[in-house]
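See below for the structure under consideration.
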Amino acid sequence: MATGQTDPHRRERILAAALDLIAEAGVAGASHRRIAARAQVPLGSMTYHFTGIDDLLLQAFTGFARHVVTLFETHLGGATTADEAREAVTDLIHTLSEGPRRDLILTQELYTLAARHEPYRELCARWMRRSRTLLKQHFDAATARQLDALIEGLALHRALDDTPPDRALTREAVARITTTA
């Protein structure tokens with residue numbers, strides 16, 4: 001194992017290993033020892049880089065939330081019309097639901113932590129605010145809030161359904177929320 005001086009990416013490897021382990025064994029299965037083994041670092045590296053398991057988990061989930069926000073930015077960034085924004089939201093929902101199962105599991109693990117622990121609730125609130133800010137570039141605030149919930153819910157339903165709804169149904173749901181009467 002390399003020392004910290006010759007291993008400048010050790011901290012990032014630990015965070016990635018933590019997320020991989022959580023996706024495999026859940027938060028309950030994540031310990032310093034198991035994360036260190038997965039990251040192939042000395043156990044002492046855990047306390048060198050993080051104040052404790054909660055600090056490590058919170059930082060790992062913060063990075064994961066940034067990853068999801070980047071997906072929002074990627075999909076919504078190029079839209080210049082309302083129709084393009086609707087199609088971007090449709091694409092985003094399909095990307096999230098058809099993407100790595102790991103991301104779906106990590107999202108649910110984060111939500112479970114957020115339901116019980118304030119720091120994770122604050123992280124989720126920041127994530128939602130950022131997502132809505134990106135949506136508000138194309139839609140009013142109330143619509144952005146509704147779309148954010150639709151994206152989360154429909155992505156989850158599509159990922160877990162034996163016969164997930166097709167793109168046409170997703171497009172229709174987005175249109176219903178974003179089209180004024």
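Miscellaneous remarks
- Within segment 166-181, tally of residues that are open to solvent by 90 Å² or more (accessible area, probe 1.4 Å) and not hydrophobic (A, V, I, L, M, F, W, C): 4
- In segment 25-53, the qualifying residues are those that are over 23 Å from the mean Cα position of the chain (by Cα) and over 15 Å from residue 11 (Cβ atoms), and the one that is surrounded by the fewest Cβ atoms within 10 Å (Cβ to Cβ) is 33.
- Tabulated pairs, segment 130-154, first touching a residue at least 12 places away in the same chain (Cβ under 8 Å), second open to solvent by less than 70 Å² (accessible area, probe 1.4 Å) and aromatic (Phe, Trp, Tyr), C-beta under 6 angstrom, 6+ apart or interchain: 131/72; 134/72
- On inspection, residue 110 passes the criterion of being surrounded by 13 or more Cβ atoms within 10 Å (Cβ to Cβ) and either of a type in the set (A, V, I, L, M) or in contact with a helix residue (DSSP H, G or I) (Cβ under 8 Å, 6 or more places away or on another chain) (or both).
- Count of residues meeting criterion [farther than 17 Å from residue 76 by Cα and assigned to a helix (DSSP H, G or I)] in segment 147-166: 7
- Restricting attention to segment 143-165 and to residues that are at pLDDT 90 or above and among the charged types (D, E, K, R), the residue that is surrounded by the most Cβ atoms within 10 Å (Cβ to Cβ) turns out to be 148.
Rundown of residues vs (1) free of Cβ contacts under 8 Å to residues at least 24 places away in the same chain; (2) out of contact with any helix residue (DSSP H, G or I) (no Cβ under 6 Å at 6 or more places or on another chain); (3) under 22 Å from residue 123 (Cα atoms), yes/no style:
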{"residue": "7", "(1), (2), (3)": "no, yes, no"}
{"residue": "15", "(1), (2), (3)": "no, no, yes"}
{"residue": "23", "(1), (2), (3)": "no, no, yes"}
{"residue": "37", "(1), (2), (3)": "yes, yes, no"}
{"residue": "41", "(1), (2), (3)": "no, no, no"}
{"residue": "48", "(1), (2), (3)": "no, yes, no"}
{"residue": "58", "(1), (2), (3)": "no, no, yes"}
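- Candidate set from segment 54-85 (those that are among the β-branched types (Val, Ile, Thr) and assigned to a helix (DSSP H, G or I)); member that is most open to solvent (accessible area, probe 1.4 Å): 74
- Long-range neighbours under 6 Å by Cβ, at least six apart or interchain, first residue over 16 Å from residue 21 (Cβ atoms) and in contact (Cβ under 8 Å) with a residue 24 or more places away in the chain within segment 92-111, second hydroxyl-bearing (Ser, Thr, Tyr) and assigned to a helix (DSSP H, G or I): 93/170
- Unique residue being surrounded by fewer than 17 Cβ atoms within 10 Å (Cβ to Cβ) and at pLDDT 95 or above when the list is 100, 119: 119
- Residue in segment 129-137 that is within 20 Å of residue 73 (Cβ to Cβ), open to solvent by less than 60 Å² (accessible area, probe 1.4 Å), in contact with a Leu (Cβ under 7 Å, 6 or more places away or on another chain) and not small (Gly, Ala, Ser) present: yes
The values are calculated or read from the model by the stated rules, or taken from the named source; none is laboratory data. Small disclaimer: the values here were computed from a predicted structure and weren't measured. Glycine also receives a Cβ, built like all others from the backbone with ideal geometry; neighbour counts cover every protein chain displayed. For accessibility, only protein heavy atoms count, side chains too; no ligands or nucleic acids. Shrake-Rupley method; radii C 1.70, N 1.55, O 1.52, S 1.80 Å.
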